[in-house]
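The next block holds one structure in the form of structure tokens; read it before the comments.
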Amino acid sequence: MKPYCQFTEIDRYLFSEGTHKQLYKKFGAHVVQNENGDLGTYFCVYAPHAKAVSVVGDFNNWNGTHHEMIGDHGIWSLYIPKLKSGETYKYEITTSWGAKILKADPYAFYAEHRPHTASVVYDIEDFEWTDEVWVESRKQSNIFEQPLNIYELHLGSWRRGEDLVEAENFHSYAEIVDDLIEYVLEHSYTHIEVMPLYEHPFDGSWGYQATGYYAASSRYGEPKDLMMFINRCHEAGIGVIMDWVPGHFCRDAHGLYQFDGEPVYEYPFADAAISEWGTANFDLAKGEVRSFLISNALFWMKYYHVDGFRVDAVANMIYWGGNKDRGENHGAIEFLKRLNTALFAEDDKLLMIAEDSTSYPLVTAPVSVGGLGFSYKWNMGWMNDTLDYIELDNIYRPYHHNYITFAMAYAYSENFILPFSHDEVVHGKKSLVDKAPGDYWQKMAQFRLLCTYQMTLPGKKLNFMANEIAQFHEWKDKEQVDWHLLKYPAHDASNRYIKDLNKTYLNDAAFWELDHSFEGFEWIDVNNNEQSMFSYIRKAKNPDDFVVVVLNFKPVAYHQYRVGVPMEGEYVEILNSDRDYYHGSNQYNGLPLSSQEGVTHGKPYFVEMTIPPFGAVILKYQAKPLKEDVLLDEKEDVLLDEKEDVEIVLEEDVININID
């Protein structure tokens, strides 16, 4: 059992300085033993402008005269004997002008199921974790040189039957975990990224407008149910990234906004206090706010074992209101540096991912060299250019060739993740497959082509749920993914292609080992705008380990098309988006392609290949067998003398060996 909680002078100093890292142990509601060994609950809250604060709940009929807290320089505390887990409560705060307001606990570990808004006393200690193998493997990892393929999802609408929609309810963590783990492994994703998991009052905010930063949302179960969910993911070898919003919070009456009747967590001046979404911006220059947020991230790491954070709306923190013309927010920039420094000091394998749409430099550079200290940044420029290109009719693509090529001009300026996130499939933007022009078949073909481009370019990967089944509807946050589409051959085939594409990515080091090095990528043909054709090489550290990628954004097939290659040998087609079992026209390269001498695209050799319409082809290099090798016929062994001339003729599935 935890010792009796107290807020010390050292705590006060660190709290105000912005360097306290364990406020979750000091503030909030803690089930503890008093000096006599009796159980009760200790409450502590920060309300610097309040005249008085009381704890109210069902246990005292919500009467603030029964349990008045003791104030000391804005920190209010009280021990209530015999009060245990499960009790609902709020703080009744008397403002500086005498009004009484009710507020939920900013540090509560649990909250009532919406639409109710009270906090709930909850003993968060003593969950039995069994993810030691995962934790140890993370310690030995180097994510920059490993595959990172993230499946972004909203738990409330991944699986949600009509009965739950009608009841305005959701599947619990326990009900969803088995299906989700099986699905993620089946599709070869390495991580899931879950949209904000903490308490929020409005379903339609998707968790981005929070009231309880320390409370796992009660929509899906209790806090320890979420711990179980993450533990199970880790046991299955799946990392868990949490969406996290340290920039702004909702203005609901029971939340953080004007917590004691005046600004406590938000900026005190009007032109900075309210965000473009109507939410309140955290005052990120204030020590107490910095301590609140840094402690919060460390809390999720310690108690929930999250493997990383996708930090929302970084642009709105770097610049006032996200507007570069308003200038840099130096307090927020300093906060981000302190945040990343503190978190990486705790876990240097943590994934800190900035959702940043600006060109602000060194976002993923270490703080020690002047950077913000993130490990990754979403490449929003690449995403916008790519989707602008795919939405063009193919007759206009030759005039916008740079939409595809430009990304490589700055690909190594940051550590990038290439995202097709939830933001791209809502609010009239169309689903990923529906962005492409043309008829049904052409849309499907271009969808597979687009996904191949994403998965084979330098940078880690992220896709939002339902992208993988080529869902035509935009994301519907109140309903589940359109799983019924898998009954239709084209969507089932598209899903099968994504599985094979992800597996190809996962199993080949050429796609991720040198993601952040110039040595990992080389254009073959970057200038073929007339045919809207792109070809490039992806390389692993081993110079003999590389793949050739050819992308055709025109509805025209080419045969005996010459593509320059760097080394003599054979090039085996390991993936073709046009195969018939992917719902394509089945124009493919069946047998290994042997290189021929002759400078093409600046390379000393070339292969002649079939390039499908709206298609993607991935070729894997393998060294050409030596003549003295032993060839085995299915019926008998034929030993070939190394001096003899050998001609091998390949006819369909038959190997004819002619020996002179």
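The values are calculated or read from the model by the stated rules, or taken from the named source; none is laboratory data. Note that the structure is predicted; figures quoted are calculated from it, not measured. Glycine gets a Cβ as well: all are built from the backbone with ideal geometry, and neighbour counts include every protein chain shown.
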- [ ] For residues that are β-branched (Val, Ile, Thr) and either within 30 Å of Glu519 (Cβ to Cβ) or without any contact (Cβ under 8 Å) to a residue 24 or more places away in the chain (or both), tally how many sit in region 408-466.
- [x] 3
Task: Members of region 557-585 that are part of a loop (DSSP other than H, G, I, E, B), touching a strand residue (DSSP E or B) at 6+ places or on another chain (Cβ under 9 Å) and of a type outside the set (D, E, K, R) - done: Ala557, Pro566, Met567, Gly569, Ser577, Gly584
- [ ] Inspect region 398-406 for any residue being modelled with pLDDT of 95 or more, out of contact with any His (no Cβ under 6 Å at 6 or more places or on another chain) and closer than 22 Å to Asn467 by Cβ and give the result as yes or no.
- [x] yes
Task: Verdict on Glu193 being among the charged types (D, E, K, R) and more than 22 Å from the chain's Cα centre (by Cα) - done: no
Task: Condition broken by Val363, with the remaining ones in (1) within 15 Å of the chain's Cα centre (by Cα); (2) assigned to a loop (DSSP other than H, G, I, E, B); (3) of a type outside the set (Ser, Thr, Tyr) satisfied - done: (1)
- [ ] Return the only residue of Val617, Val550, Val599 being more than 31 Å from the chain's Cα centre (by Cα), in a strand (DSSP E or B) and among the aliphatic types (A, V, I, L, M).
- [x] Val599
Open item on the list: Scan region 186-198 and tell me whether some residue there is modelled with pLDDT of 95 or more and part of a helix (DSSP H, G or I).
Closed with: yes
Task: Sole exception among (1) over 24 Å from the mean Cα position of the chain (by Cα); (2) modelled with pLDDT of 95 or more for Asn394, by number - done: (2)
- [ ] Name the single residue, out of those in region 32-73 being small (Gly, Ala, Ser) and in contact with a strand residue (DSSP E or B) (Cβ under 6 Å, 6 or more places away or on another chain), that is farthest from Pro263 (Cα to Cα).
- [x] Gly40
Open item on the list: Given the options Glu479, Glu468, Glu474, name the one that is outside any strand (DSSP E or B) and farther than 26 Å from Trp378 by Cβ.
Closed with: Glu479
TODO: Return only the number of the condition from (1) modelled with pLDDT of 95 or more; (2) in contact with a Phe, Trp or Tyr (Cβ under 7 Å, 6 or more places away or on another chain); (3) assigned to a helix (DSSP H, G or I) that Gly156 does not satisfy.
DONE: (1)
TODO: Considering only region 208-314, give the helices (runs of 4 or more DSSP H) lying wholly within it that have at least 2 residues that are acidic (Asp, Glu) and over 18 Å from the mean Cα position of the chain (by Cα).
DONE: 223-235
TODO: Determine the pairs where a residue that is over 13 Å from Gly321 (Cα atoms), located within region 259-286, has a partner that is in a loop (DSSP other than H, G, I, E, B) and of a type in the set (Val, Ile, Thr) with Cβ atoms under 7 Å apart, the partner being 6 or more residues away or on another chain.
DONE: Asp260/Thr95; Gly261/Thr95
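A quick yes/no check of all residues on (1) of a type outside the set (Val, Ile, Thr); (2) closer than 30 Å to Ile75 by Cα; (3) touching a residue at least 12 places away in the same chain (Cβ under 8 Å):
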{"position": "Arg159", "(1), (2), (3)": "yes, no, yes"}
{"position": "Val165", "(1), (2), (3)": "no, no, yes"}
{"position": "His171", "(1), (2), (3)": "yes, no, yes"}
{"position": "Phe202", "(1), (2), (3)": "yes, yes, yes"}
{"position": "Gln209", "(1), (2), (3)": "yes, yes, yes"}
{"position": "Tyr213", "(1), (2), (3)": "yes, yes, yes"}
{"position": "Leu226", "(1), (2), (3)": "yes, no, yes"}
Task: Residue list for region 460-494, restricted to those being more than 17 Å from Glu424 (Cα to Cα), out of contact with any Lys or Arg (no Cβ under 9 Å at 6 or more places or on another chain) and crowded, with 24+ Cβ neighbours inside 10 Å - done: Lys460
